[in-house]
Amino acid sequence: MAPSTLEDVSSPSLPFVETGSYPTRGGNQIRPWIDGEPAFRRICEAIDAAQHSVWATVTFMWSSFQMPDDRGSALDVLERAARRGIDVRIIFWRPDDQLAHLRQNAFWGSAGHVELLSQRHPHLNVRWDRAPAGYCQHQKSWLVDATHGDATAFVGGINLNPHSVVGPGHRGEGQNHDVYIELAGPAVADVHHNFVQRWNEASERASHDGRWGNRSDDSLAFPDRTPAERGSALVQMQRTIPAGCYTNGHPPPAWSAFEIARGERTNLEQYCASIRSARRTIYVENQYVEVPEIVDALTEAVRRGIQVVLLLPAVPDISSLSAATPERIAFLESRASLAAYDNVTLCGIAGLGDDGHRKPVYVHAKIMLIDDAWATVGSCNLHRWSLTGNGELNAAFWDPETVRALRVELFQEHLARDTSDLDDTEALRLFRRIARDNRQRHERRDPHWQGLACSLNLATYGQERQF
């Protein structure tokens, strides 16, 4: 079937939120980067070309992580930029005692980390930032030349760990699938605003071990103007910010102040509003679908006949979510009821290992595509931590050409099939057919699949091993 006419794409048919820190801004350019190898290669190129500044927010950074193409670690890449006179600043998450087990894969400011900075990366500037007890500062963003007209931002979910540096053609056990977007245009001012707000009020800034570098004492000025228009995409930056983390609600350019001290939950609002406004299709890639609000919205959409594909980890990481409370049991029953509808499909992905067997690939992406026209990409998982208590950052955008191209590229990877000749409805139906066929092959112990996608049983997902 040829692509459907796009009579509804001249203006957005899906609502953006109206209650958060940032407006919806036109005139942006969006470029998706699928998987860590191409994403980090492009980020390194942008850092190498920086003229003024490189600022980043980092959650996890493994000691063994290396950037592509023998560039060294992320700190090596940033140190080289700093030695050229570039203002390099990084906000790292510092896990609290409740999450101390996560410190092994976070650059949280230990004595060893400070020694590493002193010996090998003396030109960097760092502040550490905690979240409320039991939660995570989970934003993943890179901001190049923030205060200038050609500023560029990268927003997504890819951590600095060796499992992330993988390209679409190299799939195996223990590897992650994930997505970043590259953003240019007026909305970069809001990524800039988010960084300044966090940097200036980073929780550890006044502690003797809460900052590093000659400029780490400096506060930053909030942006007072937006970069020039670079494209046609409508973009709104959306967040989860817990109450009490930040107090300075200085407005972003050409917008009103938001009372950030009360917190922000625009990610949750946007996910629910977009699902409920879908006209044809909903495609989700996420680590989890673990909150009642999202399941309720999906149930309503499925009952309206919307085609839905959920791509989640074939082997879920749900150990912390599995307590058999009455609320948990009721939630699982509600989610399992979606399995009764033929227009919703749950899938995982698995690559072909060197031993000739299929190996699960961990879906770490946090994206949603609706009606081949609207998308959100960022750090926000569909569980209660990301939607209510973590620090999270997503970019929601209306850009039919880019969203459709992203769908085609993702499906090419997952299905080994070019779907550019299909509209979104037919493409999701094809996804379902191929994933179900691959499931039958898997059950026959036949590793010769088409692509990577394999259907899973939504009724028992998270309660019994399916792969």
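Of 132, 186, which residue is in contact with a Pro (Cβ under 9 Å, 6 or more places away or on another chain), surrounded by fewer than 19 Cβ atoms within 10 Å (Cβ to Cβ) and not charged (D, E, K, R)? Even if it seems obvious, please write down each step before you answer.
Values: 186 fails: surrounded by fewer than 19 Cβ atoms within 10 Å (Cβ to Cβ).
Answer to the check: 132.
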Considering only residues that are buried (at least 21 other Cβ atoms within 10 Å of the Cβ) and of a type in the set (Ser, Thr, Tyr), look in the range 56-90 and name the one that is farthest from residue 113 (Cα to Cα).
57
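Where residues in the range 419-428 are outside any helix (DSSP H, G or I) and either out of contact with any Asp or Glu (no Cβ under 9 Å at 6 or more places or on another chain) or not charged (D, E, K, R) (or both), which of them is surrounded by the fewest Cβ atoms within 10 Å (Cβ to Cβ)?
Initially, the range 419-428 is screened for residues outside any helix (DSSP H, G or I), giving 419-423.
Still in the list and also either out of contact with any Asp or Glu (no Cβ under 9 Å at 6 or more places or on another chain) or not charged (D, E, K, R) (or both): 419-422.
Values: 419: 21, 420: 14, 421: 11, 422: 21.
The residue in question is 421.
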Does residue 377 qualify as being touching a helix residue (DSSP H, G or I) at 6+ places or on another chain (Cβ under 9 Å) and either outside the structural domain of residue 159 (by TED's automatic domain parsing) or surrounded by fewer than 24 Cβ atoms within 10 Å (Cβ to Cβ) (or both)?
yes
Does at least one position in the range 204-220 carry a residue that is part of a helix (DSSP H, G or I) and of a type in the set (D, E, K, R)?
no
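Residue 433: without any contact (Cβ under 8 Å) to a residue 60 or more places away in the chain, of a type in the set (D, E, K, R) and in a helix (DSSP H, G or I), yes or no? Talk me through it step by step, then tell me what you get.
Numbers: without any contact (Cβ under 8 Å) to a residue 60 or more places away in the chain: yes; of a type in the set (D, E, K, R): yes; in a helix (DSSP H, G or I): yes.
So residue 433 fits the description; yes.
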Is at least one residue of the range 402-415 free of Cβ contacts under 8 Å to residues at least 40 places away in the same chain and surrounded by fewer than 16 Cβ atoms within 10 Å (Cβ to Cβ)?
no
Looking only at the range 339-356, count how many residues are surrounded by 22 or more Cβ atoms within 10 Å (Cβ to Cβ) and either free of Cβ contacts under 8 Å to residues at least 24 places away in the same chain or among the hydrophobic types (A, V, I, L, M, F, W, C) (or both).
4
Which residues, counting only those in the range 359-418, are under 25 Å from residue 197 (Cα atoms), of a type outside the set (S, T, N, Q) and part of a helix (DSSP H, G or I)?
384, 385, 387, 389
Determine if the range 308-320 includes at least one residue that is at pLDDT 95 or above and more than 27 Å from residue 448 (Cβ to Cβ).
yes
Subset of the range 380-395 (residues that are more than 16 Å from residue 290 (Cβ to Cβ) and either surrounded by fewer than 24 Cβ atoms within 10 Å (Cβ to Cβ) or aliphatic (A, V, I, L, M) (or both))
393, 395
Being touching an Asp or Glu at 6+ places or on another chain (Cβ under 9 Å), over 17 Å from residue 379 (Cβ atoms) and touching a residue at least 12 places away in the same chain (Cβ under 8 Å) narrows it down to one of 234, 220, so name that one.
234
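On the given criteria, is residue 441 on the phi < 0 side of the Ramachandran plot, touching a helix residue (DSSP H, G or I) at 6+ places or on another chain (Cβ under 9 Å) and of a type in the set (D, E, K, R)? Don't jump to the end; show me each part of the working.
Details: on the phi < 0 side of the Ramachandran plot: yes; touching a helix residue (DSSP H, G or I) at 6+ places or on another chain (Cβ under 9 Å): no; of a type in the set (D, E, K, R): yes.
In short, no.
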If we keep just the residues of the range 237-261 that are within 23 Å of the chain's Cα centre (by Cα) and free of Cβ contacts under 8 Å to residues at least 60 places away in the same chain, which is farthest from residue 190 (Cα to Cα)?
243
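The values are calculated or read from the model by the stated rules, or taken from the named source; none is laboratory data. Nothing here was measured: the structure is a model prediction, and the numbers come from that model. As a convention, Cβ positions derive from the backbone with ideal geometry for all residues, glycine included, and neighbour counts pool all protein chains shown.
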